[in-house]
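Following: one structure in structure tokens, then a few remarks.
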Amino acid sequence: MFLEGNKLIYFIVLAVYLILMVLVGLRFYRRNKNVSDYVLGGRTLNPWVAAMSAQASDMSGWLLLGLPGTAYVLFAGTTEAIWTAIGLAVGTYLNWLIVAKPLRRYTAKVGAITLPEFFANRFGDKRGVIKAIASIFTMIFFLFYTASMFSAGAKLFNSVFGIPYIWSLIIGTVIIVSYTFLGGFLAVSWTDTFQGILMFLALIVAPIVAFIRLGGGAGLSAQLATLPEQFSLIPKDGAGAVNVALLVSAIAWGLGYFGQPHILPRFMAVKRTKDIRPARVIAMIWVIISLAMAVVVGLLGSFLYPGLADSETVFITMVQDLFSPVITGVLLSAILAAIMSTADSQLLVTSSAVSNDLYKGLFKKDASDKKVLWVSRVAVIIVSVIAALLVCVENPAEGSILAKINESVFKLVAFAWAGFGAAFGPLVLFSLFWKRTTKAGALCGMIAGGVSAFIWWYLEGGIFDIYEILPGFVISCIVIVVVSLITKNPPEIEKTFKEVKAMKD
């Protein structure tokens with residue numbers, strides 16, 4: 001028999017979970033009457049679904065693989081993980097606090113269902129140049145981001161079942177594509193809500209049991225006392241000085257939230273603006289607890305399971321060791337949930353960029369909703385295949401671009417996160433809060449941010465060790481301001497801006 005004992009139980013639990021997710025996709029299949037339904041769910045999300053789906057799609061497999069894997073490396077990695085978590089928590093709060101409500105209002109006012117369409121409509125870009133460039137950035141960076149999620153799924157199946165990497169990659173890709181293809185935004189949002197709850201419970205249960213296995217506070221203190229170095233909350237370099245580059249880079253993760261096109265649509269899809277405040281409370285409770293416990297998983301795992309070949313498998317190792325086969329199967333499903341909840345959102349956003357922003361926006365303006373809907377579905381498949389090909393080689397040649405892409409889930413997510421944060425983050429903020437932002441400023445700033453982040457990521461050493469989101473974000477802001485000040489907006493653009501600012505709940 002191919003699978004025996006505990007592995008068979010894991011497989012059955014995971015299979016039941018996956019079948020349920022596909023059934024959700026089938027449930028919402030007939031509710032997608034047009035592109036707006038498929039891409040944005042008709043703006044019908046309640047606070048719970050908006051909050052949970054936003055955070056589940058945000059954190060991804062990185063939360064259960066990448067972040068614990070970073071924290072596992074004592075103590076340099078642990079410190080980096082803590083500051084990264086702090087930056088993410090602050091960024092999450094500010095995103096919900098200052099971006100969510102005005103973005104919901106503005107996108108409804110200008111009739112935009114995607115981020116590129118919002119940029120185009122906000123600045124009266126009738127030729128569609130801003131929309132096209134934004135769509136191209138979306139496809140490029142999401143290829144890397146989605147590839148990281150497929151890689152994480154392949155690691156899960158390979159580690160748990162011993163299935164060869166390439167077959168693990170194919171299985172995970174097919175599953176995610178299936179319900180995204182069928183159900184669109186509502187299926188993605190509701191499955192993300194269930195997956196977010198499962199991720200949260202897994203991150204509560206696993207570290208508590210691990211802490212008990214370690215011997216509680218006394219056992220943890222004894223383990224810490226055996227280490228040759230002391231833990232420092234402030235990151236240090238080899239000479240014992242404050243590692244400014246690492247500290248700033250970790251905190252800078254929070255800047256990325258303002259430009260993530262798989263998170264911002266949740267704000268756009270909230271049913272009423274007054275639902276945003278309770279959604280923010282729900283989201284922050286989930287985020288703070290989940291991030292903290294993910295770091296704890298890595299820290300405890302470093303003592304319980306020293307010498308792991310791949311630190312990003314620490315959560316998988318932990319649940320297999322500490323729990324019964326059935327519970328382990330459920331907790332492993334949480335990893336799959338984390339992976340799927342982000343990959344599905346990324347695929348949906350990318351497909352909308354292809355169908356709504358490029359195909360209909362630039363080439364077939366008279367295309368019917370039914371035709372655009374099917375272009376979206378086909379785009380889901382095409383993008384998935386390309387993303388899977390980027391990570392199809394388990395051990396690529398050292399120094400190759402594939403090796404750069406396959407470094408780790410953490411690093412791959414970091415690059416895509418930085419790309420979106422630098423290209424779109426400043427533009428979202430200036431679009432919502434500065435009426436003098438012009439079309440030329442928006443276009444130049446977006447290009448400058450995205451390109452500089454890519455260049456910074458590829459180069460290494462010295463100043464290029466700073467996380468690419470920070471220089472990319474700053475460069476984009478400077479370019480937007482400078483170009484906008486030397487160009488002008490048509491009067492109707494500023495008129496619409498004032499009308500949105502005057503809106504009440």
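Some notes on this structure:
- Enumeration of residues in the range 490-505 that are in a loop (DSSP other than H, G, I, E, B) and within 12 Å of Thr438 (Cα to Cα): Pro490
- Phe231 among the hydrophobic types (A, V, I, L, M, F, W, C) and surrounded by fewer than 15 Cβ atoms within 10 Å (Cβ to Cβ): yes
- Pairs are defined by a Cβ separation below 6 Å, a sequence spacing of at least 6 or placement on different chains, a first member in the range 295-311 that is surrounded by fewer than 21 Cβ atoms within 10 Å (Cβ to Cβ), and a second member that is at pLDDT 95 or above and not aliphatic (A, V, I, L, M); the pairs so defined are Val296/Pro207.
- Residue in the range 293-308 that is modelled with pLDDT under 90 and more than 16 Å from Ile12 (Cβ to Cβ) present: no
- Within the range 255-294, tally of residues that are farther than 23 Å from Gln195 by Cα and surrounded by fewer than 24 Cβ atoms within 10 Å (Cβ to Cβ): 3
- Within the range 205-217, not a single residue is touching a Lys or Arg at 6+ places or on another chain (Cβ under 9 Å) and more than 23 Å from Ile469 (Cβ to Cβ).
- Qualifying residue in the range 332-349 (condition: at pLDDT 85 or above, in a helix (DSSP H, G or I) and more than 18 Å from Ala147 (Cα to Cα)): yes
- Complete set of residues in the range 312-329 that are of a type in the set (A, V, I, L, M) and either in contact with a strand residue (DSSP E or B) (Cβ under 8 Å, 6 or more places away or on another chain) or surrounded by 21 or more Cβ atoms within 10 Å (Cβ to Cβ) (or both): Val314, Ile316, Met318, Val319
- Residue within the range 181-202 that is more than 18 Å from the chain's Cα centre (by Cα), surrounded by 17 or more Cβ atoms within 10 Å (Cβ to Cβ) and at pLDDT 80 or above present: yes
- Close pairs from the range 382-395: first over 11 Å from Phe144 (Cα atoms) and of a type in the set (Val, Ile, Thr), partner surrounded by fewer than 22 Cβ atoms within 10 Å (Cβ to Cβ) and modelled with pLDDT of 85 or more, Cβ under 8 Å, at least 6 apart: none
- Summed over the range 435-464, residues that are without any contact (Cβ under 8 Å) to a residue 24 or more places away in the chain and not in a helix (DSSP H, G or I) total 3.
- Some residue of the range 399-409 being part of a helix (DSSP H, G or I), of a type in the set (A, V, I, L, M) and modelled with pLDDT of 85 or more: no
- Restricted to the range 36-150, the set of helices (runs of 4 or more DSSP H) holding at least 1 residues that are surrounded by fewer than 24 Cβ atoms within 10 Å (Cβ to Cβ) and either out of contact with any Asp or Glu (no Cβ under 7 Å at 6 or more places or on another chain) or hydrophobic (A, V, I, L, M, F, W, C) (or both) comprises 47-59, 76-94, 100-110, 115-122.
- Looking at Ala210, Ala245, just one residue is over 20 Å from the mean Cα position of the chain (by Cα), surrounded by 15 or more Cβ atoms within 10 Å (Cβ to Cβ) and within 21 Å of Ser290 (Cα to Cα), and that residue is Ala210.
- One residue alone among Gly66, Gly41 is under 30 Å from Thr496 (Cα atoms) and modelled with pLDDT under 90, and that residue is Gly41.
The values are calculated or read from the model by the stated rules, or taken from the named source; none is laboratory data. As the structure is a computational prediction, the values presented were derived from the model and not from experiment. Using ideal geometry, Cβ is built from the backbone for each residue, glycine included, and neighbour counts are taken over all protein chains shown.
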